[in-house]
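What follows is a set of notes on a single structure, which appears directly below.
The values are calculated or read from the model by the stated rules, or taken from the named source; none is laboratory data. Keep in mind that what you see is a predicted model, and the values were worked out from it rather than measured. Counting neighbours? That spans all protein chains shown, and the Cβs are built from the backbone with ideal geometry, glycine included. Side chains are part of the model used for accessible areas, which takes the heavy atoms of the whole protein and leaves out ligands, DNA and RNA. Shrake-Rupley method; radii C 1.70, N 1.55, O 1.52, S 1.80 Å.
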Amino acid sequence: MDYVRVAVGDADYLAAIAGSGPPVLLLHGFPQTHYCWRGVAPALAERYTVVAADIRGYGETTAPAGGPHGEGYTKREMGNDLFELMAALGHPRFAIGAHDRGARAAYRMALDRPDRVDRLALLNVLPTIDQFDRMGAGPSLGYWPWFLFAQPAPFPERLIAAAPEHILGFAFDSWAERPEAIDGAARAAYLAAIDEGTAASMCADYRASFWLDQADDAADRRAGRRIECPLLVLTGAAETQLADAGEVWGAWAHEMRAATMPGGHFIPEEAAGALAAALLDFLGT
C-alpha cells in the first residue's frame, strides 16, 4: 500500500491506499489503527480503490486534544474530516467499511450526507444511543471504556499512559474469541501507536459519545431519519450481547442485511478471509 498525508483543518491524516476501481474507505476502532485491515485490504484492492485511514487522533493521524466534553471528536466532526479527506483524494462519493469507533463515525456520515455514501458496512456496533440505553446489565462490564474514558481530563489519560500495554492486552484478550488472531506483531504496532496525544484523542472520542453523540442520534430518531444507502451489519458469533444487532439497526435503515462472522469483537483480524468475502459480495451487489 502507498501512504499519503492529508491536512484536514487542524488535523493531519495518515491514509494507506491500494488498488483501483470504485473507492472504499476502511475505518478502524479502539484501540487500533488502520493496520487492523491488513488481512482484508489486499482482497478488496483487487477490485476497488481502498483507502484505510487512521481516524482522528488515533495512530499516526494527529489532531489537537478535544474539549471537556469531547468537542472536536463528535462523530459528526470526525465524519466531516473524512469527507474532506476523501474529496482531497478525488473521491466525492464512496462506500465505507468500518469497525467499532470508526463505525460510529461511518453511520453518522451516512445519516448526515446520504449523497456522499454509496454503501455502508458496520462491524461490531449498535447505534450509540441504543448502546447507552442498554448499558445497565451484566454485559456492560465489557464496555468499560465508555465510562472510564469519558471521565474528566486528565484522569483517564494518565491511566492509559501508566499502563498502555495492560489496557490493550485486556481489550484484546477479553473482547476477542481468538485473542491469538491479534498476534505479537500487531499488538506491538498498536502499542507503539499510543502516546500522550493518542491517549488524549481516545478519551475525547469517548467523551464526545457520552456528552454529544447521543444527542445527535436522538435528534435523528425524533426526526425519523434513516440511513438511505444499503447497509450491512456484521457481528462476531461470540458477541452474544449483539445477537439482536440486525433488529436494532433495522429501525435505522431502509435497506439492511445482517450476518455473523466467526470470532468475537475484532472481526477484521479474527475472520479476515470471511470478512473480505462478505464485503466483496456486498459491495458488488
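Within the stretch 62-88, the set of residues being open to solvent by 50 Å² or more (accessible area, probe 1.4 Å), aliphatic (A, V, I, L, M) and either in a strand (DSSP E or B) or in contact (Cβ under 8 Å) with a residue 24 or more places away in the chain (or both) comprises ALA65, ALA88.
Annotation note: Cβ proximity below 6 Å between a residue of the stretch 170-191 that is without any contact (Cβ under 8 Å) to a residue 60 or more places away in the chain and a residue that is open to solvent by 60 Å² or more (accessible area, probe 1.4 Å) and part of a helix (DSSP H, G or I) (sequence gap 6+ or interchain) occurs for PRO179/ASP173; LEU191/GLU165.
For the stretch 253-269: of the residues being over 24 Å from CYS229 (Cβ atoms) and open to solvent by 10 Å² or more (accessible area, probe 1.4 Å), which is nearest to the chain's Cα centre (by Cα)? Among them, the one singled out is HIS265. Whether any residue in the stretch 49-61 is touching a residue at least 60 places away in the same chain (Cβ under 8 Å) and over 14 Å from the mean Cα position of the chain (by Cα) is what I want to check. The answer is yes; a qualifying residue exists.
Just one of the numbered conditions (1) modelled with pLDDT of 95 or more; (2) in contact with a Lys or Arg (Cβ under 9 Å, 6 or more places away or on another chain); (3) surrounded by fewer than 18 Cβ atoms within 10 Å (Cβ to Cβ) is not true of PHE172: (3).
Against the criterion of being in contact with a helix residue (DSSP H, G or I) (Cβ under 9 Å, 6 or more places away or on another chain) and open to solvent by less than 10 Å² (accessible area, probe 1.4 Å), PRO145 qualifies.
So how many residues does the stretch 148-169 have that are of a type in the set (A, V, I, L, M, F, W, C), surrounded by 19 or more Cβ atoms within 10 Å (Cβ to Cβ) and closer than 14 Å to SER201 by Cα? Full working, then the answer.
Residues of the stretch 148-169 of a type in the set (A, V, I, L, M, F, W, C): 148-150, 153, 155, 159-163, 167-168.
The next check asks that each one be surrounded by 19 or more Cβ atoms within 10 Å (Cβ to Cβ); those that pass are 149-150, 160, 167-168.
Checking which are closer than 14 Å to SER201 by Cα leaves us with 149-150, 160.
Of the residues in that region, 3 qualify.
Selection of the stretch 93-115 for residues being in contact with a strand residue (DSSP E or B) (Cβ under 9 Å, 6 or more places away or on another chain), over 19 Å from ARG47 (Cβ atoms) and either assigned to a helix (DSSP H, G or I) or open to solvent by 10 Å² or more (accessible area, probe 1.4 Å) (or both) yields ASP100, ARG101, GLY102, ALA103, ARG104, ALA105, ALA106, TYR107, MET109, ALA110, LEU111, PRO114.
Has the stretch 217-235 got at least one residue that is surrounded by fewer than 17 Cβ atoms within 10 Å (Cβ to Cβ), assigned to a loop (DSSP other than H, G, I, E, B) and in contact (Cβ under 8 Å) with a residue 40 or more places away in the chain? Give the derivation first.
In the first step, residues of the stretch 217-235 are kept if they are surrounded by fewer than 17 Cβ atoms within 10 Å (Cβ to Cβ); the result is 218-219, 221-225, 228.
Still in the running and assigned to a loop (DSSP other than H, G, I, E, B): 224-225, 228.
Now restrict to residues that are in contact (Cβ under 8 Å) with a residue 40 or more places away in the chain: 225, 228.
The answer is yes, given that some residue of the stretch 217-235 is surrounded by fewer than 17 Cβ atoms within 10 Å (Cβ to Cβ), assigned to a loop (DSSP other than H, G, I, E, B) and in contact (Cβ under 8 Å) with a residue 40 or more places away in the chain.
Does GLY39 satisfy the criteria of being open to solvent by less than 20 Å² (accessible area, probe 1.4 Å) and modelled with pLDDT of 95 or more?
Answer is no for this residue.
GLU247 fulfils the conditions (1) in a helix (DSSP H, G or I); (2) surrounded by fewer than 18 Cβ atoms within 10 Å (Cβ to Cβ); (3) touching a helix residue (DSSP H, G or I) at 6+ places or on another chain (Cβ under 7 Å) except for a single criterion, (3).
The set of residues from the stretch 116-142 being surrounded by fewer than 20 Cβ atoms within 10 Å (Cβ to Cβ), part of a loop (DSSP other than H, G, I, E, B) and not hydrophobic (A, V, I, L, M, F, W, C) comprises ARG116, GLY136.
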